[in-house]
1. Which one is surrounded by the fewest Cβ atoms within 10 Å (Cβ to Cβ) among residues in segment 362-377 that are in a loop (DSSP other than H, G, I, E, B) and in contact with a helix residue (DSSP H, G or I) (Cβ under 7 Å, 6 or more places away or on another chain)?
2. Taking the criterion of being in contact with a strand residue (DSSP E or B) (Cβ under 9 Å, 6 or more places away or on another chain), in a helix (DSSP H, G or I) and modelled with pLDDT of 95 or more, would at least one residue in segment 378-398 satisfy it?
3. Is one or more of the residues making up segment 159-177 in the same structural domain as residue 250 (by TED's automatic domain parsing), within 23 Å of residue 86 (Cα to Cα) and touching a residue at least 60 places away in the same chain (Cβ under 8 Å)?
4. Can you confirm whether residue 363 is in the same structural domain as residue 411 (by TED's automatic domain parsing) and touching a strand residue (DSSP E or B) at 6+ places or on another chain (Cβ under 6 Å)?
5. Go through segment 135-146 and report how many residues are more than 14 Å from residue 259 (Cβ to Cβ) and surrounded by 19 or more Cβ atoms within 10 Å (Cβ to Cβ).
6. Considering only segment 320-328, I want to know if a residue exists there that is crowded, with 19+ Cβ neighbours inside 10 Å and assigned by TED's automatic domain parsing to the domain that holds residue 104.
7. For segment 344-361, enumerate the residues that are more than 21 Å from residue 47 (Cα to Cα) and buried (at least 20 other Cβ atoms within 10 Å of the Cβ).
8. Name the residues in segment 341-361 that are touching a helix residue (DSSP H, G or I) at 6+ places or on another chain (Cβ under 9 Å) and at pLDDT below 95, would you?
């Protein structure tokens, strides 16, 4: 079908929607125009839904996730964050007196601190002290690599941590975590800076660092490494100017500085303890659907209820198709939140998604916004969570379902992803609450 013909059909769908149908339409309601043989109808279809386990998620973009939380439903998860860093470079177009100054041969280190800007929190025991140890790592991170949550990089265990802090995160206005680093490590970095080494040489010499949570930590946190205040700062003075304090800064946000987080989850004491967690394993439990992308649990929605309907309902035109999930079970806790949006990826025959195809050819791998099928931007359909009233995810994807009815796609199931897969936001939904509302006109 060419673009012009598809555009005409698209216009006809929404003209019919505007003129003949809304959610209050009764089944079999006749149109007022007696010369028109179209009959406006509405049906609500239940969608069979199960859970699927995917053993890893990409974590090398977005917030750096760190910490530990024992979730009674999804299990006890530990997240270790890894990152490289490079010397700070300030654009010549920026006018500022706050400069990172290259140390000289006479420079003497006064102290070194690491700062991380908070961006995410998951958990509920905010009064409890958390711990972080900053450790060296055995292997270098590579900027061109793709890093998943299952990737493990050994920590240097025959040397002490290069930084340590105990902290809480509930202080008003506390937006930065400050971690003092050892003078030994600070002098190593100062000597590299004195040599004037390049960013690449700095990354190769230091390999990177890891943020390791304490054994009793009870929160999972996210840090925004692109924030200008997330950095390592060496405070030093020059021996011939001992009253002048200078800073030499290292940043985490260089395009060539890699970061990612490794996740491990123990489900032995959780609601899901009886499930055999093998990659791509589909399962059902307790008439509930569970969703926590960070630990690999996703809803998988079967679309056969819709295709069976369109195969048997002859001579119809879809006016509007609305998919909804929820309401979700309320956790009752302020920082145990559901994902803010839902995205639907096509499931392959082996229950996996086409990760590369999602990026390169989204029209063949993702449910898109209606207008994306007729424009240049292939944006996914984001089903927003209504936290105020219905506690549901709801969105309209009329064009996709019309194409599915016309056999343009052979999509049997879709997997529900959050917009930020690397986080631990969660939802539990009654498995009967996945539904499709179809407004259509019958010839």
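1. The extreme case among them is 365.
2. Yes; the residues of segment 378-398 include at least one that is in contact with a strand residue (DSSP E or B) (Cβ under 9 Å, 6 or more places away or on another chain), in a helix (DSSP H, G or I) and modelled with pLDDT of 95 or more.
3. yes
4. No.
5. Count: 1.
6. no
7. Passing the criteria: none in range.
8. Answer for segment 341-361, where residues must be touching a helix residue (DSSP H, G or I) at 6+ places or on another chain (Cβ under 9 Å) and at pLDDT below 95: 354, 357.
The values are calculated or read from the model by the stated rules, or taken from the named source; none is laboratory data. Small disclaimer: the values here were computed from a predicted structure and weren't measured. Cβ: placed from backbone, ideal geometry, glycine included. Neighbour counts: every protein chain shown.
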